[in-house]
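First the structure, in the form of structure tokens, and then the observations on it.
The values are calculated or read from the model by the stated rules, or taken from the named source; none is laboratory data. All of these numbers come straight from a predicted model, not from anything done at the bench. Neighbour counts are summed over all protein chains in view; Cβ atoms, including those assigned to glycine, are modelled from backbone coordinates with ideal geometry. Note: areas computed on protein heavy atoms with side chains; ligands, DNA, RNA excluded. Shrake-Rupley method; radii C 1.70, N 1.55, O 1.52, S 1.80 Å.
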Amino acid sequence: MRDDISQEKDGLLARLSAREPVFWINPSLAQSHGTRAYQDDIADAQRRLREARHHLQDAFPVTRGRATVVESPFLAVENLAKRWNIPHWYIKADHSLPIAGSIKARGGFNEVLAFAERVAAENGLARTSTERPNYTHSHARSVFSHYSVVVGSTGNLGLSVGMIASSLGFRTIVHMSRDAKTWKKNLLRANGVEVVEHAGDYSIAVQQGRQAAEADPKCHFVDDEHSIDLFAGYGAAAAELGSQLEKRGIVVDDDHPLFVYVPCGVGGAPGGITYGLKSLFGRSVHCFWAEPSASPCMLLQLLMGVHRPVSVYDIGLDNVTEADGLAVGSASPFVAPLMADKVSGIFTANDGHMLDMMLNAHEVEGLQVEPSAAIAFLGPLFLTGSKEGRHYVQAQGLGRALPNATHVSWTTGGSLVPAVEWHLLYERAEAFRGQVMALVDSWKQ
């Protein structure tokens, strides 16, 4: 038996090294979600994001008139569903979130707001009303100007942290890796954020940001690899989705399972979302994560075991991908052990698949999502079409319930991308038209 397991692992490692698309099913998946260790943190994050509305509407005119600022739409994708024969298919449209424009918004906002609350309290600033947190005190900006916030990012977390921190008056520094898009750097600089560029990858940007922050006692480092505040902010999205499902009359139970597909970089956002959804729906929700074939850091970490860090470079991959927000070489050492028995599986796809699916989403749904978001649209295809996906459905006893299932692809970035960048992306994508169909056809052979 051990030889069979070892051979299976070696075979999967070989496929990962060769950049082949894979669908890995987690053999350690638990049937229950027994821990509530971070529920209080998630509840605090929900409160912060709710109370932030007044500040965000004051600071960002684009949010005025919105009842909820950090809440994304829940949309049916009926045309994609028809094209790919996936009934009951929806998206959680984080690509359309204002200000930060990605899945990173809730986590980044929560972390910075938590820091602002602490600094305001330490400096004797009180709430101005029951609806106005202490960081909106009239003297807050003057106090915050003596503090700084630092983060390392491939792009989207930098936007999230940078936009909210600078709006509060903190000196804000974002260390950006080689993968970060130029337009994201320009947007940050236009909003008063200092951008430090690095020739290395995500890990180098994080390392340099951490070192810079350690030298300043009034500097807060947003640690994408270890932060509970980031994790809790992402977890707050689960209740948001739960409420939207309820409003639409969508039932989630053993006879009506929920399948959720989330893009994965270092693991914080999909980890928080999965933790929150498992707390709400238990075994009735099945969470799958999506990674680029050049950067499958979380899949590799869970495959090799969570007690020793591994990197995609260890298996000969270069971590270079069009999906800049997912270009991460090593998984979060905080999230990987926590999610080892909660994520149902992880699938990988190459840039061609992402760009082709990006074209699909634009042409039949009018959606503009980055490649790092388009990868989530591949999830239902892997589940229903691949041998591994079909095996998962049968092993979980979901064969009869699958026609009643709800599929949710979680989008990340897109709405802030400049028009000229979209034009270039779609030009590049044309070269890969038909890649997704070829992948689906390969499963039938």
*Mind counting the residues in the range 391-430 that are in contact (Cβ under 8 Å) with a residue 24 or more places away in the chain, open to solvent by 80 Å² or more (accessible area, probe 1.4 Å) and aliphatic (A, V, I, L, M)?*
0
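Give Gly155, Gly162 a once-over and let me know the one that is among the small types (Gly, Ala, Ser) and at positive phi.
Gly155
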*asked:* Need pairs with beta-carbon distance below 6 Å; first residue among the β-branched types (Val, Ile, Thr) and within the range 173-192, second open to solvent by 20 Å² or more (accessible area, probe 1.4 Å); sequence gap 6+ or separate chains.
replied: Ile173/Glu194; Val174/Val195
*Scan the helices (runs of 4 or more DSSP H) fully inside the range 1-94 and keep the ones with 1 or more residues being open to solvent by less than 40 Å² (accessible area, probe 1.4 Å) and touching a Gly at 6+ places or on another chain (Cβ under 7 Å).*
39-51
*Would you mind stating whether Phe115 is open to solvent by 10 Å² or more (accessible area, probe 1.4 Å) and in a helix (DSSP H, G or I)?*
yes
*Considering each residue of the range 337-355, count those that are open to solvent by less than 10 Å² (accessible area, probe 1.4 Å) and in contact with a Gly (Cβ under 7 Å, 6 or more places away or on another chain), and give that number.*
2
*Sort out for me the helices (runs of 4 or more DSSP H) sitting completely within the range 155-229 that have 3 or more residues that are in contact with a helix residue (DSSP H, G or I) (Cβ under 6 Å, 6 or more places away or on another chain) and open to solvent by less than 20 Å² (accessible area, probe 1.4 Å).*
156-168
*Condition test on Gly152, is it assigned to a helix (DSSP H, G or I), open to solvent by less than 10 Å² (accessible area, probe 1.4 Å) and not polar (S, T, N, Q)?*
no
*Considering each residue of the range 269-290, count those that are in contact with a helix residue (DSSP H, G or I) (Cβ under 7 Å, 6 or more places away or on another chain), touching a residue at least 60 places away in the same chain (Cβ under 8 Å) and open to solvent by 10 Å² or more (accessible area, probe 1.4 Å), and give that number.*
1
*In the range 248-261, which residues are out of contact with any Lys or Arg (no Cβ under 9 Å at 6 or more places or on another chain) and either of a type in the set (Val, Ile, Thr) or without any contact (Cβ under 8 Å) to a residue 60 or more places away in the chain (or both)?*
Gly249, Ile250, Val251, Val252, Asp253
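Before we move on, is Gly108 buried (at least 22 other Cβ atoms within 10 Å of the Cβ) and either part of a helix (DSSP H, G or I) or out of contact with any Ser or Thr (no Cβ under 7 Å at 6 or more places or on another chain) (or both)?
Judged against the criteria, Gly108 is a match.
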*In the range 356-378, which residue that is β-branched (Val, Ile, Thr) and over 27 Å from Ala395 (Cβ atoms) is least open to solvent (accessible area, probe 1.4 Å)?*
Val369
